[in-house]
Amino acid sequence: MRSWIHLAVATAPLAISAACASSEDQAAPAPEPPTSTVLDADAPDASAPVSDGDVPDTSLPRCSASGWCVTPFPDEDLDFRDIWPFEDRAFAIAESRTQGVKVLEWQKSTDAWQYIDDASQNVVGVETFAGRIYAPNEDEVYFTVSPSFVYRGKRPNASESAWSWTRHVLPDNVLGHLPPDDHGRPYYVTTGMTQVTLGVWGVGVDDVYAYYSNAIFRRDPLHGTWSSVYLANDAEPNEHIFFTAAAGAGPDDIWFSGARDRSRYACPLLVRKTADAWIRVADGIVTDSCGVRAGTVRIGEGFAGWLTELQAISPTEYIGLQDAMNPWNLDHVSLMKVRVEDGGYSVDHSAVPIKNASSIAPQVASSVWRVNGDTWFTSLGLVLRGTEDGAFAVSTISRDGAPVGAPLHRIRGTSNQNLWAIGARHAYHKTTP
């Protein structure tokens with residue numbers, strides 16, 4: 001049975017005043033765990049080397065025994081980073097060594113991906129990286145790309161192939177020890193990889209938000225401009241505050257997750273926007289552990305780490321991924337659940353038994369998604385399925401019994417019959433329960 005640890009904190013909401021400013025950006029056409037492990041039964045050698053160079057073999061069956069089917073895309077070196085699915089189509093953002101950052105659309109009628117961007121996102125800078133993608137409907141798409149751009153694409157209707165694109169630059173609100181380019185993709189010491197802190201998310205057409213480093217922005221639906229609406233500017237010396245994800249139950253209840261980071265230690269951060277105020281729900285005092293910050297909930301103990309994912313599962317409940325920041329134990333990841341209660345908030349967390357396809361890489365989850373009562377996780381070459389009764393099982397993506405040597409970055413879907421797991425050179429679609 002899964003053991004939930006209840007960390008009830010009765011604290012009155014702490015209102016944080018919004019940092020509001022008029023955007024100087026101008027819209028323009030785009031220019032040119034510890035006690036148990038789970039291992040994929042189809043991967044006989046867990047220590048086998050893995051590489052994002054693995055390419056799906058077209059000679060193999062199209063689908064795995066668990067119903068994960070490969071989908072074709074234009075260039076084989078695409079590294080899918082984020083996805084926004086609908087029932088009959090999906091939008092994704094990917095990185096490519098040869099093509100740069102690319103935006104794609106999948107259609108059920110063709111069961112294939114095609115490019116929809118105008119390639120202008122690759123004009124500026126050589127260290128181009130992809131952020132997040134959001135689509136309020138099938139004819140409107142937003143995505144973020146380095147160094148701090150947010151793009152909006154629009155087409156007349158789904159039968160039209162021509163997209164028009166505009167972009168804005170999000171200003172850097174940090175005066176600190178990191179170069180500006182690192183504010184959107186800082187180094188994440190727990191995993192030894194970078195963490196993207198440049199994203200976009202929304203509730204419908206009129207409530208679209210972007211986050212970049214320690215700032216949150218909102219798009220004016222009338223004028224199409226972006227303005228800063230929240231700035232986490234209370235970092236201590238040698239600290240940096242980052243936002244990593246967003247989720248919400250409606251226009252007047254939107255949450256942003258992140259971290260207060262200092263070298264090898266960090267504390268989870270959780271900010272809530274209501275109709276009346278911005279509330280710092282969770283925060284911490286960073287030393288060699290994570291101390292309690294007055295007026296906020298403490299998420300986790302000791303090496304508390306980053307809160308890297310976020311999803312609303314009900315109007316009063318949110319889940320997220322919390323990676324432990326213990327540099328001597330990289331096999332711990334927690335599923336965090338926060339509840340809105342009378343007079344404050346409560347937080348639960350449970351250990352997730354991740355064992356991916358490599359004994360060398362950190363055993364951490366890269367993404368989480370709850371749908372139809374199941375909780376899905378991705379990691380390196382692994383999809384894990386957790387059920388309401390506390391059981392965990394591998395949902396195999398292998399089509400021939402061999403390990404899949406590719407990191408999976410995101411899992412998301414509208415149901416268990418329309419679920420996507422995407423990563424380096426792989427875009428799996430699951431349409432079976």
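The values are calculated or read from the model by the stated rules, or taken from the named source; none is laboratory data. Worth saying up front: this structure is predicted, and the values here are computed from it rather than measured. As a convention, Cβ positions derive from the backbone with ideal geometry for all residues, glycine included, and neighbour counts pool all protein chains shown. These area figures cover heavy atoms from the full protein model, side chains too; ligands, DNA and RNA do not enter into them. Shrake-Rupley method; radii C 1.70, N 1.55, O 1.52, S 1.80 Å.
Contact map, the stretch 154-173: residues that are at pLDDT below 90 paired with residues that are in a strand (DSSP E or B) and open to solvent by less than 60 Å² (accessible area, probe 1.4 Å), Cβ distance under 7 Å, separation 6+ or inter-chain. Pairs shown: 173/215; 173/228; 173/231.
Screening the stretch 296-341 for residues that are modelled with pLDDT of 90 or more and acidic (Asp, Glu) and picking the one that is farthest from residue 411 (Cα to Cα) gives 341.
Among the residues of the stretch 235-294, write down those that are more than 30 Å from residue 202 (Cβ to Cβ) and part of a strand (DSSP E or B). 262, 265, 285, 286, 290, 291, 292, listed by residue number.
If you go through the stretch 235-268 and keep only what is among the aliphatic types (A, V, I, L, M) and either in contact with a Phe, Trp or Tyr (Cβ under 9 Å, 6 or more places away or on another chain) or open to solvent by less than 10 Å² (accessible area, probe 1.4 Å) (or both), you end up with 241, 245, 246, 247, 249, 254, 259, 266. Restrict the check to the stretch 139-148 and report whether at least one residue is under 22 Å from residue 383 (Cβ atoms) and either crowded, with 20+ Cβ neighbours inside 10 Å or of a type outside the set (S, T, N, Q) (or both). So far as the stretch 139-148 goes, no, none of its residues is under 22 Å from residue 383 (Cβ atoms) and either crowded, with 20+ Cβ neighbours inside 10 Å or of a type outside the set (S, T, N, Q) (or both).
Residues in the stretch 402-412 that are of a type outside the set (Val, Ile, Thr) and open to solvent by 10 Å² or more (accessible area, probe 1.4 Å): 402, 403, 407, 409, 410, 412.
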